[in-house]
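So the structure is just underneath, and the comments pick up after that.
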Amino acid sequence: MRRRLRNCLIAAGVAVAVAVAPTAAPAQATPRTGDMRVMFFDWTSLVAAVAGHLLAGGSSGAPSLQAAVDQIVAAVEQSKNDIIAHTDLIAAADVQACARQHTIEFSDIDNMGASVRQLWAQNATGCATLATSYVNTVTTPTAVDNIGHVLPSLFAIVIAARTKAGLTNGINLVIQDQIRSYEAVVAKLTPTDCVVKLARDPGYPVEKWWECTAYNGDKGISDSVVGNLREPNRTQAEDWATRRTSRPTAKSALPQLRALGA
């Protein structure tokens, strides 16, 4: 029965696959499929390399730290146009403006004088704080998703800028804000349109699975289970339904960010 259902769904053009929690992507850029091509970096690993060093008491002048910061600068520069394209979709004008400004100006941070660099880093921190407040307040899924796509690069900019400016004492608080914002993205983009489907062929035990529909219309189906004593995994269907949103990136990043112990 389930095999026939899968074949019907595939014939109708509905993607069906076993859903698993996304793993972190390599640090190099690869195009993300969807309505807009976005250069996707493993921003979490880039942030963790810098923040982890500082939170562990490492020297702010260590060559490995500077190399990690330079990786963030290069990643932002390489994906600048794509970040800005998503930034322009943010509904809140103040968040959109500050995120756009700091993405555009970030590549010039080494050309700034020390005092200007510190002020710029503080303003970038304020932008990330504003974005965190916004994503925790807004309720429209589209608005949450649009800011969710920008948060990873924005927090990477803040971490790198504060490191370059010597403002490393607040790194733990920045990471805490990043965790809060990601938790909001995951919670608010988790599908609520989910139902358990049942199928029973004569002479066979009942078969059950979850079907979820994300806010953008994408559907996800969990593995099926057989028998009344077993229950299907709803999380599988939720994760697969939201595969083209910012939720997978936020969800997969949270364990790594929490492990920093900020």
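Beyond 24 Å in Cα-Cα separation lie the following of the pairs K188/K208; K197/K251; K188/K219: K188/K208; K197/K251. Considering only Cα atoms, the convex hull volume of region 30-146 works out to 121 Å³ per residue. L54 sits among other residues whose Cβ lies under 13 Å from its own Cβ, and their net charge, with Lys and Arg +1 and Asp and Glu -1, is +2. Placing R0 at 41 angstrom, the Cβ-Cβ distance between N111 and T142 gives a FRET efficiency of 0.65 after rounding to 0.05. Put simply, the Cα atoms of region 141-262 extend 71, 28, 15 Å along their principal axes, the longest span coming first. What does the charge count around P255 come to, taking other residues whose C-beta lies under 14 Å from its C-beta (Lys +1, Arg +1, Asp -1, Glu -1)? So the surrounding residues net to 0. The phi-based Karplus calculation (6.51 cos²θ - 1.76 cosθ + 1.60; θ = phi - 60°) puts the 3J(HN,Hα) values of region 250-258 at 5, 5, 6, 7, 4, x, 5, 5, 5 Hz, whole numbers, x for Gly and Pro.
For the pair region 96-133 / region 226-262, the C-alpha centres are spaced 32 Å from each other.
Under the convention that each Lys and Arg Cβ holds +1 and each Asp and Glu Cβ holds -1, the size of the dipole of region 39-188 around its Cα centre is about 280 debye. Computed over region 76-130, the Cα gyration tensor eigenvalues convert (square root of 5λ each) into semi-axes of 20, 15, 6 Å, ordered from largest to smallest.
Could you pull out every one of the aspartates and glutamates with an alpha carbon less than 15 Å from that of K164, ignoring same-chain neighbours closer than 8 positions? The reachable aspartates and glutamates, counting only those whose Cα sits under 15 Å from K164, are D70, E105, D108, D110.
Here, each number is a calculation from the coordinates, and none is a lab measurement. Quick caveat: nothing in here was measured; it's all calculated off a predicted structure. Methodologically, a virtual Cβ is constructed for each residue, glycine included, from the backbone with ideal geometry; neighbour enumeration extends over all protein chains shown.
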